[in-house]
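To keep things clear, I will list the structure first and then write my remarks on it.
What follows draws every value from the coordinates through simple rules; no lab data is involved. Being a predicted model, the structure only gives us computed values, none of them experimental. Ideal geometry is used to build each Cβ from the backbone, glycine not excepted, and the neighbour counts take in all protein chains shown.
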Amino acid sequence: MFVSGQAKKGVSGTPRGFACTAGVDRSLWSRLARLELMRSLLGILLLAGTLRAQLTPGQKQLNLDSFEKVWTTIRDQHWEKNPGGLDWQAIHEEFRPRIEKADSIDATRALLREMLDRLHQTHFAIIPSTVYSDVDVTLGDGSPGLDLRVIDGQAVVTRVDPGSPAEKAGVKLGWAVVSAGGKDLAPVIEKLKSDPSMHELMLERAVLARLSGPEGGKLHVVFLDAANRNVALDLDLGDPRGIPAKFGNLPPQYVWFEAKKIDGAQYVAFNMFLDLPRIMGNFGDAVNSCLKCDGLIIDLRGNPGGIGGMAMGMAGFLVDQAGRKLGTMYMRGATINFAVLPRPEVFKGPVAVLVDGSSASTSEIFAGGLKDLGRARIFGTKSAAAALPSIIDKLPNGDGFQYAMANYISDGGKPLEGNGVIPDQEVKLTRKALLAGHDPVVDAAIEWIQKQRGPK
Amino acid sequence: MIRNIAILAAIGAFTAMADDALPKAETILDHYIEVTGGKAVYEKRTSEISTGTIEFAAQGLKGTLTRYAAAPDKTYATMELDGVGKVESGSVNGVAWEKSAMMGPRVKSGDEKSQSLREAQFNGALNWRKIYPKAETAGVETVEGQECYKISLTPAEGKTETAYFSKKTGLEVKRSTVAASPMGEVPVDAVVSEYKDFGGILQPTKLIQRVAGQELVITIQSVKFNEQIPADKFDPPAEIKALMNKAAQ
């Protein structure tokens, strides 16, 4: 489940982030979507408890074909001729015999993931075919309607969706989750945090995944309230927040958008750069309806990314100079500018963008680009540093294969991959502030906007 | 029937000639006009409405396309792509524009504009001399399994294009261009195939475009000529007109 949005079912089985680069053509390039996907959690969450079934000769061949497709795709599509600085042919010679010996689909996936891990780059993942099967059922995964962040080792409630089962049950901001479904979260958090390769984004999703289940079901959750007393609730699991959206090979995702006025500023938040027609329309409406507002706050905390082109399109509402760009994408055989095309009406006031360790991919392209252009001040904590543009393809064995096909350099000259977006003003969430009904990151942005405005 | 026989005869003569020496580019380009239907048939066409599909198979993205065109240089096209929405584009009276949910309305400029206006020339195959002041035969290459003449086409404005015409059939097989856009210059290879007869003109119905390892397939499903197209079909949307007015101020 997504940290700040909710993905559908398969919480643990749904690729988080995404985006594919849709192909291109001279005039179509600018129209089509480039998506960025961040690394899927699937491998971590699904690998451990799946059944091992003997493969038929036909299935073995499909797995071999899948290996060849993965290996060949990286050989031909990776932006570096020696992907990850590796001797890619030697990788083939090492892994092919091992794949031939793999006696289950899980063993095959594990080997493919091991091969991809050698790249030490995000956005390379194997997505189990089960994620794609029975799409309608996948759209039914249940959520209590809340969001979490890991703060000081605790899973703390940072959002309670309006009208959700969690709100109806009385769950409050700042409450900490002690256990879900009878399982304590502290050991889970401790174990995940001990893995140095674990992104904050992945950690939080892994934790949030524990708070999901079959739609229509119930989940027993024990919270710590403001007085640090245990509160045990049986939460209904309902539809995730938002509207389901489909984009190419990406499993369906629930996408939501929110806009509201806070102290003279327009605040907007959305959980993914997806459902392009609706979200772009909502964003445009929110900006255009507030051209004279004191400022604009764009909250990308927990937003894992999506269609890369949407970052360009949204920046066009905020930048009034032609010829500017958010950054540059380097592919094998092409270099693409993430150009900003000013809209007929542009918001010219102060812009604050909020990010955290769960802001990835397109969120980083957008925030990092606006920061480099001097058009926005960034608040929060360092972003996920996972910003490689990628696409998701299908493998012969039915699994999905996410691969990065480009490197991305922000307008300031630094790759976002591995570096992330560093806030101009670091502000951390605290449980104490949340319990008091405050979001310190939003508060800091409002304070800055009011200073820009000056006394009324 | 008579037309088909004429085409076969033309192909035979062309192939025999080509075996001896490289033909001039104008011979190859004029031959294309003949094998696809002939000058007289082209000249009878004044408008065209085509429909088709678009697919990024590897990414699972699909959509539909409709394009209106009228002499001498008017176009209006609309594309609906799942998950992306509607993209409109057009050219009229020397203005090339685009409007999409992602990027909003914009008026094209520079090489992108000249490229769009060039593509908007009605009966482009027939009017190649007007579109490409310079055309040269650059050699013979095997493309998509076919031995082809390689032609360099240089427009009045913009980058030189390379077109490949089958030695055997005279039909165009591939065109390599550098697409200009605000996002930069991107090399594009477009392979065309599955020619079908629409109103006496052979037109490719399958277009595979390859860019930086990605592949897009456009399939043309119908082409109608000389249909009545409402006069305002080619009018730019209000947002485009507003941008034009703003730029004029």
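Restricting the calculation to Cα positions, tell me the Rg (one decimal) and the Dmax (whole number) of region B:63-160 in Å.
16.2, 43
Only counting other Cβ atoms within 10 Å, I'd like A:R205, B:R210 sorted with the fewest neighbours first.
Final ranking by Cβ density, sparse to dense: B:R210, A:R205.
If you take every DSSP beta bridge whose two residues both sit in the protein assembly as shown, what share of them, in percent to the nearest 5, is antiparallel?
Here the antiparallel bridges make up roughly 90 percent for the protein assembly as shown.
Figure the gain on full extension for B:T142 and B:K44 (residue separation times 0.36 nm, minus the Cα-Cα span) and round it to one decimal in nm.
31.8 nm
Per residue of A:307-319, count partner chain C-beta atoms within 10 Å of its C-beta, then hand back the mean as an integer.
Counting other chains' Cβ atoms within 10 Å and averaging over A:307-319 gives 2.
Hey, rough spin-label estimate for A:S104 and A:K191, points 7 angstrom out along Cα→Cβ, what's it come to in nanometres?
Taking the two extended label points, one gets 1.7 nm.
What FRET efficiency do you get for A:D320 and A:S289 if R0 is 25 Å and r is their Cβ-Cβ distance, rounded to the nearest 0.05?
0.90
Hey, what angle do you get for helix B:25-35 against the long axis of chain B, alpha-carbon based, 0 to 90 degrees rounded to 10?
90
For region B:103-194, what relative contact order do you get, as a whole percent, if you take Cα pairs closer than 8 Å and at least 6 residues apart?
19
Can you give the helix-only mean residue ellipticity at 222 nm for chain B, where every DSSP H stretch with n ≥ 4 adds -39500 (n - 2.57) and the sum goes over all residues, rounded to the nearest 500 deg cm²/dmol?
-7000 deg cm²/dmol
Calculated FRET efficiency, B:S109 and B:A238, Cβ-Cβ r, R0 30 Å, to nearest 0.05?
0.90
Quote the charge dipole size of the protein assembly as shown about the Cα centre in Debye, to the nearest 20; the model charges only the Cβ of Lys and Arg (+1) and of Asp and Glu (-1).
Roughly 1000 debye, rounded to the nearest 20.
Using only atoms on other chains, find how many Cβ atoms lie within 10 Å of each Cβ of peptide B:179-192 and report the average.
Whole-number average of other-chain Cβ neighbours for B:179-192 is 6.
Tilt of helix B:110-119 relative to the longest C-alpha principal axis of chain B, in degrees (0 to 90, nearest 10)?
60
Relative to the compact-globule scaling 2.2 N^0.38 Å, provide the ratio for the alpha-carbon radius of gyration of chain B.
1.04
Within region A:290-304, whose backbone N sits under 17 Å from a point 7 Å along Cα→Cβ of A:I422?
From region A:290-304, the list is empty.
What's the FRET efficiency of B:T64 with A:K432 using the Cβ-Cβ distance as r and R₀ = 45 Å, to the nearest 0.05?
0.25
Can you find, among B:S91, A:V427, A:A444, the residue farthest towards the positive end of the dipole of the protein assembly as shown? Put +1 on the C-beta of Lys and Arg, -1 on that of Asp and Glu.
Of B:S91, A:V427, A:A444, it is A:A444.
Percent relative contact order of chain B, based on C-alpha pairs within less than 8 angstrom and at least six residues apart?
Rounded, it is 20 percent for chain B.
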